[in-house]
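Peer 1: Here you go, one structure.
The values are calculated or read from the model by the stated rules, or taken from the named source; none is laboratory data. This is a predicted model, so every value here is computed, not measured. All Cβ positions, glycine included, derive from the backbone under ideal geometry; neighbour counts span all protein chains shown.
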Amino acid sequence: MDLAQFNQLPADRALAAIAHCVAIPRWQQAIVAARPYSSSAALYQQARALAAQWNAEDFTQALTAHPRIGERASGTDKEAALSRQEQAAVGEDAAVQQALRQANQQYEQRFGHLFLIRAKGRSGEEMLAALQRRLGNSPEQELQEALIQLRDITLLRLEESIV
Ligand code: 2AL
């Protein structure tokens, strides 16, 4: 959709047009309420600024929409299709998949939630290395790192949805 269309949509349809970007209603509503945008750059900048305010509670909300790395989303909704595309480079290597399963389990035991990373453009090996490195983070460091990944996923999805 182009920006002119997004600017003019009724609020409920504008919300529906960005809902798949991140499952944080407060962010979705703020993006819609700040229309009209003078350029797509202004929209992305607003999206980034709002994402910089996310906290642990926002993060927990957003996680409900993300499957584990290495586990292909099976749903038929837009988020599931996006996840499958984003994770396309995980590959079929059984050893990498097995290592991801184990590391995901360790991560979830340590931090109490699933491991989140912007998957697009990263191979399975790269995500495994990031996962293993992040196991060494403190909970505070890890929340900050995970929020940056969530922001990157959200911006990528927004930039693909509204141009
Ligand atoms: C995902 C996902 O679904 N897309 C992405 O970039 N990362 N999931 C995850 N657990 O990090």
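Peer 1: For the range 134-157: of the residues being away from the ligand (no atom under 13 Å from the Cβ) and hydrophobic (A, V, I, L, M, F, W, C), which is farthest from ILE31 (Cα to Cα)?
Peer 2: Per the stated criteria, the residue is LEU135.
Peer 1: Restricting attention to the range 43-63, does a residue exist that is among the aliphatic types (A, V, I, L, M), more than 11 Å from the ligand (Cβ to nearest atom), touching a helix residue (DSSP H, G or I) at 6+ places or on another chain (Cβ under 6 Å) and outside any helix (DSSP H, G or I)?
Peer 2: no
Peer 1: I need every pair where a residue in the range 110-134 that is over 22 Å from ALA81 (Cα atoms) has its Cβ under 6 Å from the Cβ of a residue that is near the ligand (Cβ under 10 Å from one of its atoms) and assigned to a loop (DSSP other than H, G, I, E, B), sequence separation at least 6 or different chains.
Peer 2: ALA130/ILE117; LEU131/PHE115
Peer 1: If LEU100 satisfies all but one of (1) within 12 Å of the ligand (Cβ to nearest atom); (2) closer than 22 Å to ALA23 by Cβ, what's the number of the condition it fails?
Peer 2: Against the list (1) within 12 Å of the ligand (Cβ to nearest atom); (2) closer than 22 Å to ALA23 by Cβ, LEU100 comes up short only on (2).
Peer 1: Quick check on the range 98-105. Is at least one of its residues closer than 23 Å to LEU143 by Cβ, in contact with a helix residue (DSSP H, G or I) (Cβ under 6 Å, 6 or more places away or on another chain) and surrounded by 15 or more Cβ atoms within 10 Å (Cβ to Cβ)?
Peer 2: Yes; the residues of the range 98-105 include at least one that is closer than 23 Å to LEU143 by Cβ, in contact with a helix residue (DSSP H, G or I) (Cβ under 6 Å, 6 or more places away or on another chain) and surrounded by 15 or more Cβ atoms within 10 Å (Cβ to Cβ).
Peer 1: Only residues that are in contact with a helix residue (DSSP H, G or I) (Cβ under 7 Å, 6 or more places away or on another chain), more than 23 Å from LEU116 (Cα to Cα) and part of a loop (DSSP other than H, G, I, E, B): list them for the range 1-38, please.
Peer 2: MET1, LEU9, ALA34, ARG35, PRO36, TYR37
Peer 1: Take the range 134-148 and flag every residue that is surrounded by 18 or more Cβ atoms within 10 Å (Cβ to Cβ) and under 30 Å from SER38 (Cα atoms). Spell out how you get there, then give the answer.
Peer 2: Narrowing the range 134-148 to residues surrounded by 18 or more Cβ atoms within 10 Å (Cβ to Cβ): 134, 142, 146-147.
Within the range 134-148, just LEU147 meets the criteria.
Peer 1: Taking the criterion of being of a type outside the set (A, V, I, L, M), touching a residue at least 40 places away in the same chain (Cβ under 8 Å), closer than 19 Å to ILE18 by Cβ and within 11 Å of the ligand (Cβ to nearest atom), would at least one residue in the range 81-96 satisfy it? First the steps, then the outcome.
Peer 2: Narrowing the range 81-96 to residues of a type outside the set (A, V, I, L, M): 83-87, 91-93.
Filter once more, so that each one left must be touching a residue at least 40 places away in the same chain (Cβ under 8 Å): 86.
Filter once more, keeping what is closer than 19 Å to ILE18 by Cβ: 86.
Among the residues that remain, those that are also within 11 Å of the ligand (Cβ to nearest atom) are: 86.
Yes, there is a match, as at least one residue in the range 81-96 is of a type outside the set (A, V, I, L, M), touching a residue at least 40 places away in the same chain (Cβ under 8 Å), closer than 19 Å to ILE18 by Cβ and within 11 Å of the ligand (Cβ to nearest atom).
Peer 1: Would you mind stating whether VAL22 is modelled with pLDDT of 95 or more, within 14 Å of the ligand (Cβ to nearest atom) and of a type in the set (A, V, I, L, M)?
Peer 2: Numbers: modelled with pLDDT of 95 or more: yes; within 14 Å of the ligand (Cβ to nearest atom): yes; of a type in the set (A, V, I, L, M): yes.
Yes.
Peer 1: To continue, here is another question. What number goes with the only condition from (1) assigned to a helix (DSSP H, G or I); (2) more than 13 Å from the chain's Cα centre (by Cα); (3) hydroxyl-bearing (Ser, Thr, Tyr) that SER74 does not pass?
Peer 2: (1)
Peer 1: Please determine, by comparing only the residues of the range 111-133 that are within 12 Å of the ligand (Cβ to nearest atom) and closer than 13 Å to PHE59 by Cα, which one is surrounded by the most Cβ atoms within 10 Å (Cβ to Cβ).
Peer 2: Across the range 111-133, the extreme among qualifying residues is PHE115.
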